[in-house]
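Engineer: Here you go, one structure.
The values are calculated or read from the model by the stated rules, or taken from the named source; none is laboratory data. None of these values were measured; they are calculated from a predicted model. All Cβ positions, glycine included, derive from the backbone under ideal geometry; neighbour counts span all protein chains shown.
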Amino acid sequence: IAEIELPMGGWPDLIRIMLENISTDNATLKQSTLQAIGYVCEATDPSVLASQSNDILTAVVQGARKEEPNQEVRLAAINALINSLDFIKENFEREGERNFIMQVVCEATQSTSSDVQVAAFQCLVRIMQTYYDKMRLYMEKALFGLTVAGMNNEDDRVALQAIEFWSTVCDEEIDLKEELLEAQEMGEQPERQTYHFAELALGDILPVLLWILTKQEEDYDEDEWTVSMASATCLSLLAQCVGNLVIGPVVPFIESNIQNENWRNREAAVMAFGSIMDGPDPNVLTPLVDQALPTLIAMMKDPVVHVKDTVAWTLGRICELLIQCIKPEVHMNELVSALVYGLQDSPRIVGNCCWSLMNLAEQLGPAPGDEAPTSTLSVFFEGIITALLQFTERSNNEANCRTSAYEAISTLAMYSANDCINTVQRIVLTILDRLEVTMAMENQILDADDRASHSELQSSLLGVLTNCIRRLSRDISQVADRIMTVVLQLLNNQSKQATTTEDAFLAIGAMTSALEADFNRYAELFVPILCNALQNPSEYQLCFIAVGLIGDICRALGKDAAPYCNNLMQLLVTNLQSPVLHRTVKPAILSCFGDIALAIGESFGAYLDVVMMVLQQAGSMRAERDNYEMIDYVNTLYEGCTEAYVGIVQGLNGTPQAQMLLPFLPNVFEFIRCVAADQNGTDTLTRSIIGLLGDLAETFESQLKTFFQQDWVGQLLRDARTSRHYGSSTKETSRWAKEMIKRACQ
Amino acid sequence: HRSPLASRSRAETQEKRRLEALELQKRQRSITVSKARQLALGTAAEEEEE
């Protein structure tokens, strides 16, 4: 109720009543009221409560002090304090008040009640997240010691929060490191300073973290968050934070434990190794990985499932981050065999093996679009795919293992070299067989769970199919009829879920790019389905994909898309004006106008009045200062507008209809000028508007001479070529536009 | 530790596919537009040479 009433100025005496309750001797009333304050603070916008922050804070801190005899009251007070941290910024700025709050929280970590200790450490985590800049003194005086002791606490809940405290320190310092790098790149000073708490504490916290790594739970399938998991996460963050410094203390632990007869020590050693793969210099890690790889690969046959799981994950990390360590002639055979063998293990191990195989493919195969006759993985490709296809025949998806296997197939197909094309074609046929089977099973679906699992399987199959189509490109035409029959049949099934339609649309998008003009023979059957999707703006993600698909179809069909455009344009304009449609789709609709114009050329003249009016409206949107979400959105909207203008200008170029654009051009130039002057503009947006200027010059030549001779045009082009804020692509576009404008103005 | 594959929800997988498609569309749009621009530069240059 407070969340609704307080921002509207209602319930003015709420806080006063609660504060009165706290000042009574009734412990139950105090505890309940503190809980209520906690909830109110959690739910209400901090600015609404800011004017009462002093009173709330005094009451809450009063209840949290060590002098409070009732530990339940103290617990409620600390929880309320956690929720108040966002609106007591001013109090935290004042040293005296800050010292008092910190003293109360630190003392609470020493309470006799574990619940109070847990809450106190939680509070320290939130304080570190919110007020890192103010923590230097308290870290030196108290927090180092308290949190290390907390990690050693026999109550796991306390230890978990103490570990979380150091994970938070690392998170903050990783962010600060990034901010520093960004500032250096821009030649500026960073706004905030780092105090290197993680580096300073390394000697104290690393031994405890490594010891906690060996405290794994016995039950492998349990999904509970444990101290050993928290410790591994903290170690990973520490490695990212301090880099090479983590290696020295961790390597002796790995060496002395990796072949220990106790599985806990073996697993902890491998976990420690996997956790430090990201952060230190790859050149320093490489010899260590070289040395460990044969042992790790052999450990995929460890008798304990827990160990194998962590080994598979560590191999995945190596494949992802340090691929140069995997020597094709030395390790590949053993590695791939171990990973394929792992597909017969428990579902979690399968998940990690699939991820490792996927990483191998991404790192070793040719990038999508870059043809390569062969790759290091080619010789193993057929075997891996056969094993994965065999594995995916299973009916259950425990621990996401079947989805993981399909994702791996998808990636392997995408990154395959030319000598694997036959196998990719075989994947397509198998996937089509399986899709047909799923459709035949539609009427055997009994309940919602069945429906969800069925739909998830269809999504996985369509995902693989889409990537195979993208990879095979023109070669897909031999089975195009079969693909389109299956996908259209799927789309015409009334009981399907929206996500299935999305995946089917993505597959069709891939077909348009692969078949190009030959897609025309399916257009008549498919476009009505596309129109249906556009008529349901509440399913906005489907609408988003549908809008993108119109662009795909236009690029594929060119002028042959014209017969469908009346209908599609009407739906796009309606959607643009719809208050129901999520705003993220709207910039995509604008870009889509450009795609249509580019495809149908002069026929776009029929839509020019409406579209130019809509673009002018969208281009006049402004974001408030400091509203970063809106600034991002308006930038996306401007990009959509620019893409539309580019498509229209290029599409009409060389046609008699181009002259129809002339009356609108003063507004277009005003739009470009505003975007150019906007301090929030991105590199991409600047590149787009400069490209548009060049297109206008090329299309209208001397007709626009006076526009091009305005000072801001030259200034914009010069800035883009010389400022280090812009990338090479923007600089190149600017050189091109300069040349086009020079020719137009001659 | 679980692989990102195993811990990814269905909605996240879907989002990833959507973004991949969007990225491809952007790339294709950019290729089409760039081709036209290169052509403009070339054609104009040829005209000048003539």
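Engineer: Taking into account only those residues within segment A:217-275 that are outside any helix (DSSP H, G or I) and among the charged types (D, E, K, R), which is surrounded by the most Cβ atoms within 10 Å (Cβ to Cβ)? Please lay out each step first, then the result.
Structural biologist: Step one: list which residues in segment A:217-275 are outside any helix (DSSP H, G or I), which gives A:217-226, A:258-262.
Within this subset, residues satisfying the condition of being among the charged types (D, E, K, R) are A:217-219, A:221-224, A:261.
Working: A:217: 13, A:218: 8, A:219: 10, A:221: 10, A:222: 9, A:223: 8, A:224: 8, A:261: 6.
Among those residues, the one meeting the criterion is A:217.
Engineer: Still on this structure, please answer the following. Of all the helices (runs of 4 or more DSSP H) wholly in segment A:400-484, which have at least 1 residues that are more than 21 Å from residue A:387 (Cα to Cα)?
Structural biologist: In segment A:400-484, the matching helices (runs of 4 or more DSSP H) lie at A:421-440, A:448-472.
Engineer: Where residues in segment A:636-671 are outside any helix (DSSP H, G or I) and within 11 Å of chain B (Cβ to nearest Cβ), which of them is farthest from residue A:604 (Cα to Cα)? Step through it out loud before you land on a result.
Structural biologist: Of all residues in segment A:636-671, those outside any helix (DSSP H, G or I) come to A:653-655.
Retained after the next criterion (residues that are within 11 Å of chain B (Cβ to nearest Cβ)): A:653-654.
Values: A:653: 12, A:654: 13 Å.
Restricting to residues being outside any helix (DSSP H, G or I) and within 11 Å of chain B (Cβ to nearest Cβ), the top hit is A:654.
Engineer: On to the next question. Can you report the number of residues in segment A:399-417 which are of a type in the set (D, E, K, R) and facing another protein chain (nearest Cβ under 10 Å)?
Structural biologist: 1
Engineer: Next question. Could you tell me whether residue A:390 is over 28 Å from the mean Cα position of the chain (by Cα), at pLDDT 90 or above and either closer than 27 Å to residue A:312 by Cβ or within 14 Å of chain B (Cβ to nearest Cβ) (or both)?
Structural biologist: So residue A:390 passes the test.
Engineer: Residues to consider are A:744, A:737; find the one that is crowded, with 20+ Cβ neighbours inside 10 Å, farther than 17 Å from residue A:672 by Cα and within 14 Å of chain B (Cβ to nearest Cβ).
Structural biologist: Details: A:737 fails: farther than 17 Å from residue A:672 by Cα.
So the residue among A:744, A:737 that is crowded, with 20+ Cβ neighbours inside 10 Å, farther than 17 Å from residue A:672 by Cα and within 14 Å of chain B (Cβ to nearest Cβ) is A:744.
Engineer: Now for a separate question. Among the listed residues A:591, A:620, which satisfies the condition of being among the polar types (S, T, N, Q) and surrounded by 17 or more Cβ atoms within 10 Å (Cβ to Cβ)?
Structural biologist: A:591
Yes/no matrix, rows are residues, columns are (1) modelled with pLDDT of 90 or more; (2) surrounded by 17 or more Cβ atoms within 10 Å (Cβ to Cβ); (3) of a type in the set (Asp, Glu):
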site	(1), (2), (3)
A:15	no, yes, no
A:47	no, no, no
A:51	no, no, no
A:72	yes, yes, yes
A:89	no, no, no
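Engineer: Between residues in segment A:585-601 that are within 12 Å of another protein chain (Cβ to nearest Cβ) and on the phi > 0 side of the Ramachandran plot and residues that are assigned to a helix (DSSP H, G or I) and modelled with pLDDT of 95 or more, which pairs lie under 7 Å by C-beta distance while being six or more apart or on different chains?
Structural biologist: A:601/A:559; A:601/A:651; A:601/A:652
Engineer: Anything in segment A:204-216 that is surrounded by fewer than 18 Cβ atoms within 10 Å (Cβ to Cβ), in a helix (DSSP H, G or I) and touching a residue at least 12 places away in the same chain (Cβ under 8 Å)? List them, or say none.
Structural biologist: A:204, A:207
Engineer: Moving on to the next point. Search segment A:701-727 for residues being part of a helix (DSSP H, G or I) and within 14 Å of another protein chain (Cβ to nearest Cβ), and hand back the single one that is surrounded by the fewest Cβ atoms within 10 Å (Cβ to Cβ).
Structural biologist: A:702
Engineer: Now, a different point. As an exercise: evaluate residue A:195 against (1) within 24 Å of residue A:102 (Cβ to Cβ); (2) modelled with pLDDT of 95 or more; (3) not in a loop (DSSP other than H, G, I, E, B) and give the number of the one condition it does not meet.
Structural biologist: All conditions pass for residue A:195, except number (3).
Engineer: Starting from segment A:349-363, keep only residues that are within 10 Å of another protein chain (Cβ to nearest Cβ) and crowded, with 24+ Cβ neighbours inside 10 Å, then list their pairs with residues that are of a type in the set (Gly, Ala, Ser) and outside any helix (DSSP H, G or I) whose Cβ atoms are within a distance under 7 Å, requiring at least 6 positions of separation or different chains.
Structural biologist: Correct list of pairs: A:351/B:3; A:352/B:3; A:355/B:3.
Engineer: Given the criterion modelled with pLDDT of 95 or more and either surrounded by fewer than 22 Cβ atoms within 10 Å (Cβ to Cβ) or not in a loop (DSSP other than H, G, I, E, B) (or both), identify the matching residue among A:336, A:330.
Structural biologist: After ruling out the rest, the residue left standing is A:336.
Engineer: Also: Please indicate, with yes or no, whether at least one residue in segment A:133-153 is β-branched (Val, Ile, Thr) and farther than 26 Å from residue A:254 by Cβ.
Structural biologist: Taking segment A:133-153 and keeping what is β-branched (Val, Ile, Thr), we get A:147-148.
Then keep just the ones that are farther than 26 Å from residue A:254 by Cβ; that gives none.
Within segment A:133-153, none of the residues are β-branched (Val, Ile, Thr) and farther than 26 Å from residue A:254 by Cβ.
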